[in-house]
1. How many residues, within region A:257-276, are modelled with pLDDT of 90 or more and either within 11 Å of chain B (Cβ to nearest Cβ) or over 26 Å from A:Q167 (Cβ atoms) (or both)?
2. Examine region B:41-64 for a residue that is more than 14 Å from chain A (Cβ to nearest Cβ), assigned to a loop (DSSP other than H, G, I, E, B), closer than 30 Å to A:T74 by Cα and not polar (S, T, N, Q), and state whether such a residue exists.
3. Filter region A:300-318 down to the residues that are more than 14 Å from chain B (Cβ to nearest Cβ) and farther than 18 Å from A:T401 by Cα and list them by number.
4. Based on this model, can you work out whether A:D201 counts as of a type in the set (D, E) and out of contact with any strand residue (DSSP E or B) (no Cβ under 9 Å at 6 or more places or on another chain)?
5. Here is a check on your reading of the model: is A:R191 closer than 24 Å to A:I272 by Cα, surrounded by 16 or more Cβ atoms within 10 Å (Cβ to Cβ) and basic (K, R)?
6. Tell me, yes or no, whether region A:161-184 has at least one residue that is of a type in the set (A, V, I, L, M), surrounded by fewer than 15 Cβ atoms within 10 Å (Cβ to Cβ) and part of a loop (DSSP other than H, G, I, E, B).
7. Given the structure, is A:V24 away from chain B (no Cβ under 14 Å) and at pLDDT 50 or above?
8. From the residues in region A:45-96 that are part of a loop (DSSP other than H, G, I, E, B) and of a type in the set (G, A, S), which one is surrounded by the most Cβ atoms within 10 Å (Cβ to Cβ)?
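The values are calculated or read from the model by the stated rules, or taken from the named source; none is laboratory data. All of these numbers come straight from a predicted model, not from anything done at the bench. Here Cβ is always computed from backbone atoms with ideal geometry, including for glycine, and neighbour counts include all displayed protein chains. All accessible areas refer to the heavy atoms of the entire protein, side chains included, with ligands and DNA or RNA removed. Shrake-Rupley method; radii C 1.70, N 1.55, O 1.52, S 1.80 Å.
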Amino acid sequence: MSMHRRGFGLLCLLSGLALAFLIVPSASAVPPFARKYQTSCATCHSAYPKLNYFGRAFKNNGYRYPAGTDAEMTKEKPVSLGAEGYKRMWPKALWPADIAGSIPVGIRAILRATAFENDASNGSFEFPHEVEVFAAGTIGESFSYFGEIEIENEDNELELAMPFALQYDHRPGLHIRIGEVSPHPIHDGHRLTSSHYNPYDVRTTPSSLTLRATNPNNPTGPQLSFTGSTGEDRWRLRDGQAGIEVWGARNGIGGNGGLTWTAGIANGQGLIDSNGDKDVFARVAYKFGGYGELGGGEPPAQTEFWRDDSFKVGLFVYRGTSTNTYSGSTVALDPSRPAGVGTVSASTEVNNDFDLVGVEIDWFFRDLNVYAMYVIQGDDDPRGTGESIDTDSWFVEGDYTIYPWLIGVLRYGQTKQDFSVRTDPGTQQFLVPAVVLMARANIKFTAEAQMRLDDAGEGNDVYVMAIDFAF
Amino acid sequence: MIIAAIITIVALPLAAGDIHGKVACKGVRNSADAVVYVDRIAGKTFPPPAAHARVDQKGMLFIPHVLPVVTGTTVDFLNSDAVLHNVFSPDACAEKFNLGTWPQGKSKSYTFKKECMAVLLCNVHPEMEAFVAVVPTPYFAMTEPDGSYSIKDVPDGSYTVKVWHPKLKASQKSVTVKGATEANFEIKK
């Protein structure tokens, strides 16, 4: 047994004894806010980055305290960019604002250890898997920002991402966000597991296609057939998008629960759009009971920071066009004419129109939170062959808070594709049990199994343990 | 002249003095937040005040941070913030009370029936903390940041005077009060 494998086994043992864990890329735990308000992560997160009822209300208020109390709740003195009196001077003066008194930056690191059922020798210490430098805050009364620079290891190569957004907060329940937008009905970045929600991982567009070209050495003979590949910008719901969204929230009856809504337009793929068509999306949800979407309402007698007895149901739609160019080349040989050798290249562009319609639910009952999503996706022509694909995908997850520092997670999901060409099974089944241990409010250990229950996925389970901390 | 002297003597408090001095709190930022109090006096009981004491939750803080009260005092907990607050105590001497959660402008009450140094916590905001020092006599005082304190109207006599601080070890000493009496303490971790 190699040192590497012994080390990995030891880590597994120690971590198992310590109840350990897993992780969460794509962030949202925000130490700059903890510093600004001198408050714990648990004020906004049941277990970061998952938001609790107050974190959602805080976000819905444009990253501000509810009921216009942000200024009085801010403990860190802001730096004025202009006295209030300049409002009377406008348009002959800059509109006043303020910024954070200290640099509103936080750092998050995620360390992973991964083991593969089908490749025991390939367990690895991915220390770190990801480092994020993120910033969040407000600029005066009407603007806020949220973004990060994310460096992530992907097959031993570093990937850089820089999702950032500036938000105009017209009033607590009406915002215009420009930059990275998120059409996710259930925010993918707020999940407790390293594995993504399976509906967000669906990619109907293949990474490669078969291309055909005339053989220059034998123009009347059979066409050359070779593989053409495309980049990684194949559309999936999981990826952040560059766009603009208008969104808002308001409290429901008696200040409890309420309405949230979003409408947006985005590139769909990449920072430089791959086609001239913009994707559009919309979402509406209503929460019955619980804390108000903008804060307030009559709480239950015994609230904990992770509890919010309530039921939310939402509907969302997405319509887009994906464009991918497949390129490849081959050597054009003709056995009868050995001298006639040349390279033949070809490319083709695939335009695929697609629609998604889905529903979400989010139910809190004391220490249990169950949430689920069902999505129907229809692709007109993702392979350029004229063949359409219908995809049904859904998941349901239960998070049970055993102690404030110990959470059990169980998620089951299915992705079913009506897709005659593909050799993969029509239905993929996912089971993700996980344990989340909060060693401190900002240090999290996670142990997670990512299991495939369908025949084709058998033997491909993945086990991940992770340490995630932010400051 | 004699009559005037008699009147003066009668008008004086019945042999009441005060206990004053300084508490040097070592290992903390300053010497505030120490509670100096006279311990139980044999054969004497003290009815709790009719007026309620109050702890406010404002700006995500308990105000005051330390509240000394005599046994049996009812404390009102007011939420002045626009966010939900809760108040509970994990201490058995305060019956591990949990008053639940309530919104801005409302308050809930709890009567501290036993002597107790009860920690107050908010389960919505884990960083919030305060203390109610439930002491057996109405002779108590809080220290100023410089450690000074003054307990007024203490009848002359011999007492055990105790000092308690949220972060430091408690201390005590015997003090004989006769008029204005000085008693200094030093407490540390």
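1. Within region A:257-276, residues that are modelled with pLDDT of 90 or more and either within 11 Å of chain B (Cβ to nearest Cβ) or over 26 Å from A:Q167 (Cβ atoms) (or both) number 0.
2. Pass one, region B:41-64, residues more than 14 Å from chain A (Cβ to nearest Cβ): B:41-55, B:64.
Add one more test, that the residue is assigned to a loop (DSSP other than H, G, I, E, B), and what stays is B:41-52, B:64.
Add one more test, that the residue is closer than 30 Å to A:T74 by Cα, and what stays is B:64.
Subsequent filtering for residues that are not polar (S, T, N, Q) retains B:64.
The answer is yes, given that some residue of region B:41-64 is more than 14 Å from chain A (Cβ to nearest Cβ), assigned to a loop (DSSP other than H, G, I, E, B), closer than 30 Å to A:T74 by Cα and not polar (S, T, N, Q).
3. Residues of region A:300-318 that are more than 14 Å from chain B (Cβ to nearest Cβ), as a first pass: A:311-318.
Scanning region A:300-318 gives A:K312, A:V313, A:G314, A:L315, A:F316, A:V317, A:Y318.
4. On the way: of a type in the set (D, E): yes; out of contact with any strand residue (DSSP E or B) (no Cβ under 9 Å at 6 or more places or on another chain): no.
For A:D201, the condition - of a type in the set (D, E) and out of contact with any strand residue (DSSP E or B) (no Cβ under 9 Å at 6 or more places or on another chain) - is not met.
5. no
6. Scanning region A:161-184 turns up at least one residue that is of a type in the set (A, V, I, L, M), surrounded by fewer than 15 Cβ atoms within 10 Å (Cβ to Cβ) and part of a loop (DSSP other than H, G, I, E, B).
7. Details: away from chain B (no Cβ under 14 Å): yes; at pLDDT 50 or above: no.
In short, no.
8. Taking region A:45-96 first, the residues part of a loop (DSSP other than H, G, I, E, B) are A:48-49, A:52, A:61-65, A:69, A:74-78, A:81-83, A:89-96.
With the extra rule that they be of a type in the set (G, A, S), the set shrinks to A:62, A:82-83, A:93.
On the way: A:G62: 22, A:G82: 15, A:A83: 10, A:A93: 13.
Going through the qualifying residues, I end up with A:G62.
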